[in-house]
2 protein chains.
Amino acid sequence: MLYIVGLGPGSQQLMTQEAIETIKKVDTIVGYITYIHLVEDMIKGKDIVTTGMRGEIERSKKAIEIAETGKDVAIISSGDAGIYGMAGLVLEMAAKEDKHVDIKVIPGVTASIAAAAALGAPLMNDFCHISLSDLMTPWDVIKDRLDAAAKSDFVICLYNPRSKGRPNNLREALNIILKYKSEDTVVGIGKDVARKHEIDKITTIKDLDETEINMTTIVIVGNKNTYVADGRMITPRGYTL
Amino acid sequence: MLYIVGLGPGSQQLMTQEAIETIKKVDTIVGYITYIHLVEDMIKGKDIVTTGMRGEIERSKKAIEIAETGKDVAIISSGDAGIYGMAGLVLEMAAKEDKHVDIKVIPGVTASIAAAAALGAPLMNDFCHISLSDLMTPWDVIKDRLDAAAKSDFVICLYNPRSKGRPNNLREALNIILKYKSEDTVVGIGKDVARKHEIDKITTIKDLDETEINMTTIVIVGNKNTYVADGRMITPRGYTL
């Protein structure tokens, strides 16, 4: 059996019961080394298969091969495995190569949800997730989505907002958003949420310091009703209070 | 201390470790009766405060009042408390009434994530969440968001898709989506996910039977690349395989 497990954002406190039990019961764990470290104390004595960054295809292939031998194997992903994680790739590869192994996807808390909880309640109205990584989605498609989301006033969660290889995508994204949203729109930043050096910060589009943002940061841009109260970022659901 | 706790979609297996520990340690649980039932076996001997459906404001007020007396109280929500749940309301009310109680939001697995895992991996590319309940958001705003999301080919998760009081919103929403997406677009339906009578189904916009959809159903409309393989709904991330 092959389990695709979302570990949540970082701490074991935010793993689901099912994810914990699965990690504990399988024979083999397959994952990127950073994620292996997140569950180190739970996997002593198990077979560990790890590859470097961008080794997703190799890891998926190995996990499927191991499951074919009849072993129980978990391939792990941070956050939720189905949101920009490993679930799609493993299912695609198993189908393409006609491997009929039993596969179960175990959901997890994705980064935006954990960041939102740390910041307050910014996702109480309609929102979207957009990854600013244009490695696999053309930048024009991403720009079009940013435009549409800002125009119709979604709360916008930006994944993979900024990296050394893409230092300008975030600025370009914010410029698109500014066509429709005020520069005073509230922005929440969750960096390394539920990990050791977590930083949560509430600012505005105008005051956002891009250099503080990296690939382990989630940026949440509010809608026109999002406000700050008692240090929390709140998007009203619409109750009359 | 006031904890706002997302219980996940239904089964305790999908609760986070932190949610479980919090529910167990607090003195008082405040929640809608259906959610109280989800954690019944964990809360024996605790004070329980419950109100009927649409009693959200009353429940929030009570939870804040109890926290003010110095007790530890958890107000519970299904899914993630910050997504169309109780977190925003509690934070808004505490701020408005100038109640400086300590509040912590504990994130959970929201319904779309659990449904996605049950269906396969439909959320592997940019997606949005739109609630079709027009009780608190004007229908015109919702329609505008549906239009924008479909036009720029987001995967679309529909929350509160259909109720007795709003039998036609889903049909109207699908008609808007059909302006841009093919009638053969893959649609995933997750009903009562992680609960007793769970039904997961993969269909298309054309073949979707609206009468099967109710308020405990999540409808996930794929993007133009979403496909079905081995009975799973998959939205490719974009890897070249």
Within region B:5-38, residues buried (at least 16 other Cβ atoms within 10 Å of the Cβ) and in contact with a Gly (Cβ under 8 Å, 6 or more places away or on another chain) come out as B:V5, B:G6, B:L7, B:G8, B:P9, B:L14, B:M15, B:T16, B:A19, B:Y32, B:L38
Can you find a residue that is acidic (D, E), under 28 Å from B:A118 (Cα atoms) and surrounded by 24 or more Cβ atoms within 10 Å (Cβ to Cβ) anywhere in region A:102-119?
no
Could you check, for region B:39-58, whether at least one of its residues is surrounded by 22 or more Cβ atoms within 10 Å (Cβ to Cβ) and not assigned by TED's automatic domain parsing to the domain that holds B:V193?
no
I'm trying to understand the selection: among the residues of region B:14-31, which are polar (S, T, N, Q) and touching a Ser or Thr at 6+ places or on another chain (Cβ under 7 Å)?
B:T16
Determine which member of the set A:A74, A:A94, A:A81 is assigned to a loop (DSSP other than H, G, I, E, B), among the aliphatic types (A, V, I, L, M) and modelled with pLDDT of 95 or more.
A:A81
Residues within region A:119-135 that are of a type in the set (D, E) and within 7 Å of another protein chain (Cβ to nearest Cβ), tallied
1
Can you pull out every residue in region A:40-56 that is without any contact (Cβ under 8 Å) to a residue 12 or more places away in the chain and assigned to a helix (DSSP H, G or I)?
A:E40, A:D41
Would you be able to say whether some residue in region B:7-19 is without any contact (Cβ under 8 Å) to a residue 12 or more places away in the chain and out of contact with any Cys (no Cβ under 6 Å at 6 or more places or on another chain)?
yes
Sole exception among (1) of a type outside the set (D, E, K, R); (2) surrounded by fewer than 24 Cβ atoms within 10 Å (Cβ to Cβ); (3) more than 10 Å from every other protein chain (Cβ to nearest Cβ) for B:P161, by number
(2)
B:K99 in contact (Cβ under 8 Å) with a residue 60 or more places away in the chain, outside any helix (DSSP H, G or I) and surrounded by fewer than 24 Cβ atoms within 10 Å (Cβ to Cβ):
no
Among (1) on the phi > 0 side of the Ramachandran plot; (2) touching a strand residue (DSSP E or B) at 6+ places or on another chain (Cβ under 8 Å); (3) surrounded by 17 or more Cβ atoms within 10 Å (Cβ to Cβ); (4) modelled with pLDDT of 95 or more, the one test that A:I156 misses:
(1)
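A quick yes/no check of all residues on (1) in a strand (DSSP E or B); (2) among the basic types (K, R); (3) within 10 Å of another protein chain (Cβ to nearest Cβ):
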{"position": "B:D200", "(1), (2), (3)": "yes, no, no"}
{"position": "B:T203", "(1), (2), (3)": "yes, no, no"}
{"position": "B:K206", "(1), (2), (3)": "no, yes, no"}
{"position": "B:T211", "(1), (2), (3)": "no, no, no"}
{"position": "B:M215", "(1), (2), (3)": "no, no, no"}
{"position": "B:V219", "(1), (2), (3)": "yes, no, no"}
{"position": "B:V228", "(1), (2), (3)": "yes, no, yes"}
{"position": "B:Y239", "(1), (2), (3)": "no, no, yes"}
Residues (over 17 Å from B:P107 (Cα atoms), facing chain B (nearest Cβ under 9 Å) and among the acidic types (D, E)) located in region A:1-28:
A:E21
Count of residues meeting criterion [surrounded by 12 or more Cβ atoms within 10 Å (Cβ to Cβ), farther than 29 Å from B:V109 by Cβ and out of contact with any strand residue (DSSP E or B) (no Cβ under 9 Å at 6 or more places or on another chain)] in region B:176-193
2
Taking the condition free of Cβ contacts under 8 Å to residues at least 40 places away in the same chain, surrounded by 24 or more Cβ atoms within 10 Å (Cβ to Cβ), within 17 Å of A:L7 (Cβ to Cβ) and not assigned by TED's automatic domain parsing to the domain that holds A:P161, does A:G79 pass?
no
Spot the failing condition for B:D41; the list is (1) at negative phi; (2) under 21 Å from the mean Cα position of the chain (by Cα), and only one is missed.
(2)
Could you please let me know if B:V105 is at the interface with chain A (Cβ under 9 Å from one of its Cβ atoms) and either in a loop (DSSP other than H, G, I, E, B) or under 18 Å from B:I20 (Cβ atoms) (or both)?
yes
Considering only residues that are surrounded by 24 or more Cβ atoms within 10 Å (Cβ to Cβ) and at the interface with chain B (Cβ under 7 Å from one of its Cβ atoms), which ones fall in region A:136-147?
A:R145
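The values are calculated or read from the model by the stated rules, or taken from the named source; none is laboratory data. Model, not experiment: these values are computed from the prediction. We place every Cβ from the backbone using ideal geometry, glycine too, and count neighbours over all the protein chains shown.
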